[in-house]
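These notes are about the structure you will find just below.
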Amino acid sequence: AKMAAAASELLTGWCLFGLALLAILIFCWVYVRKYQSRRESEVISTITAIFALAVALISSALLPVDIFLVSYMKNPNGTFKDWADANVSRQIEDTVLYGYYTLYSIILFCVFLWIPFVYFYYEEKEEDDGNTCSQVKSAFKYTLGFMTVCAVLLLIGAFVPLDIPNTKNSTEWEKVKLLFEEFGSSHGLTALSFSISSLTVIGMLAAITYTAYGMSALPLNLIKGTTSAAYERLENTEDIEEVEQRLLRIKSKCRDGRPLSSRDRRTVQQLEERLRTLRRRERHLETIEKSWWLKFCEAIRPLKIVWGVFFIIVALLFTVSLFLSNLDKALHSAGFDSGFIILGTNLTNPLNMLLPVLQTVFPLDYILITTIVMYFIFTSMAGIRNMGIWFFWIRLYKIRRGKTRPQALLFLCMILLLIVLHTSYMIYSLAPQYVMYGSQKYLVQ
């Protein structure tokens, strides 16, 4: 009976996981195809962007799954369920742990190898129309720099943090041998942890830049809305009339047979080109104005305003929760040496109070924690989309619908992978007690 119950639970979990994975892949494909340029699209860059975006979403969804699994094994009275004996619970915990390590290893692979290689390969393809072999060699040569940084981080994480006993009788060879023994006993997990922590710091800077901007830009854009197609057509018609009048004024100079000056001829060519562009835009706006999608967007305009106000309230809630949680760590934690570990909660933030209350109605707490994670991901995507890709004060790429270059999409996915690493850490500050223990109860002896 226990085995049948466990198998049933496992089968249900795998079915839900398969459906969620399919939904994520469909969303990633639609999102990438929506923003990538039709003229400059490349198969390898498209596949890379879809895969990296899917990895980011799956990694962000792993935390709610982790909380659900460890909580679902227990009854409300604190006892384990019949099917969740010691072996089964250990297998589930190990599976989730391996899931974390696998996804984080894939993130390292994407950030340090795959995405840089595809980026440089596409750059070489634009600059040189030679054979594929030379492009691969050039791209791999530039990617070696990223691989060197990754190797250095792995080596530092593998050997530097270890506490090697300093015995007077031990030789240098014995110390080196002990280093490799310690590295082997940890199976390289310390090296992976240090590398991920280093990327998390970079992700924090990206979250400060893009996620913070997205948390304000997304609700304000929903409230403000976009310019209507009818208004844009009116402006476009006025521009067409203005250009036509300028053309008539210039061409009226040659009515008596005199030729136009070289300056006037250049101006006429520019105005005629602009007139063709404005007329193409007018035909495009006519098509948009008659589309059913525009009518649907106008119908749900009040709902967008409501969602915008709601997202502003959510952003304020997260700000207050993060401030109170970090203030609690600063005042009551064990200090810098312990990583600001805090036992218990002295200053309760609103989110940490709300999630345990929602535990009484299944599955409201899991829906909320999943919504929080997805909120950070989508506000980050909105921030990157609105700001574009910047290097300090220099704008490298713009993110525009149907006009985004493959390099910009690769940068977007890399930044999003780094933000996901920081989001997984930041969630612990939003609701530390709930994220650590979920809805688990324990028996009082």
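The values are calculated or read from the model by the stated rules, or taken from the named source; none is laboratory data. Computed from a prediction, not measured in an experiment: that's the story for all the values here. Every residue, glycine among them, receives a Cβ derived from its backbone with ideal geometry; neighbour counts consider all protein chains shown. Surface accessibility is based on the protein's heavy atoms, side chains included, excluding ligands, DNA and RNA. Shrake-Rupley method; radii C 1.70, N 1.55, O 1.52, S 1.80 Å.
Results, tabulated for the structure shown:
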item	result
Qualifying residue in the stretch 81-93 (condition: at pLDDT 85 or above and crowded, with 16+ Cβ neighbours inside 10 Å)	no
Qualifying residues in the stretch 28-58 (those that are part of a loop (DSSP other than H, G, I, E, B) and in contact (Cβ under 8 Å) with a residue 24 or more places away in the chain) - the one least open to solvent (accessible area, probe 1.4 Å)	37
Test result for residue 387, open to solvent by 10 Å² or more (accessible area, probe 1.4 Å), of a type in the set (A, V, I, L, M, F, W, C), over 13 Å from the mean Cα position of the chain (by Cα) and within 14 Å of residue 215 (Cβ to Cβ)	yes
Complete set of residues in the stretch 59-76 that are over 21 Å from residue 429 (Cα atoms) and in a helix (DSSP H, G or I)	72
Single residue of 241, 232 found to be among the acidic types (Asp, Glu), open to solvent by 30 Å² or more (accessible area, probe 1.4 Å), in a helix (DSSP H, G or I) and at pLDDT below 80	232
Selection count where residues are without any contact (Cβ under 8 Å) to a residue 40 or more places away in the chain and of a type in the set (A, V, I, L, M), scope the stretch 268-323	11
Of all residues in the stretch 266-319 being surrounded by 15 or more Cβ atoms within 10 Å (Cβ to Cβ) and of a type outside the set (A, V, I, L, M, F, W, C), the one that is farthest from residue 382 (Cα to Cα)	267
Top-ranked residue in the stretch 194-212 [being β-branched (Val, Ile, Thr) and in contact with a Phe, Trp or Tyr (Cβ under 9 Å, 6 or more places away or on another chain); ranked as most open to solvent (accessible area, probe 1.4 Å)]	209
Test set (1) outside any helix (DSSP H, G or I); (2) at pLDDT 80 or above; (3) open to solvent by less than 40 Å² (accessible area, probe 1.4 Å) - residue 395 fails condition number	(3)
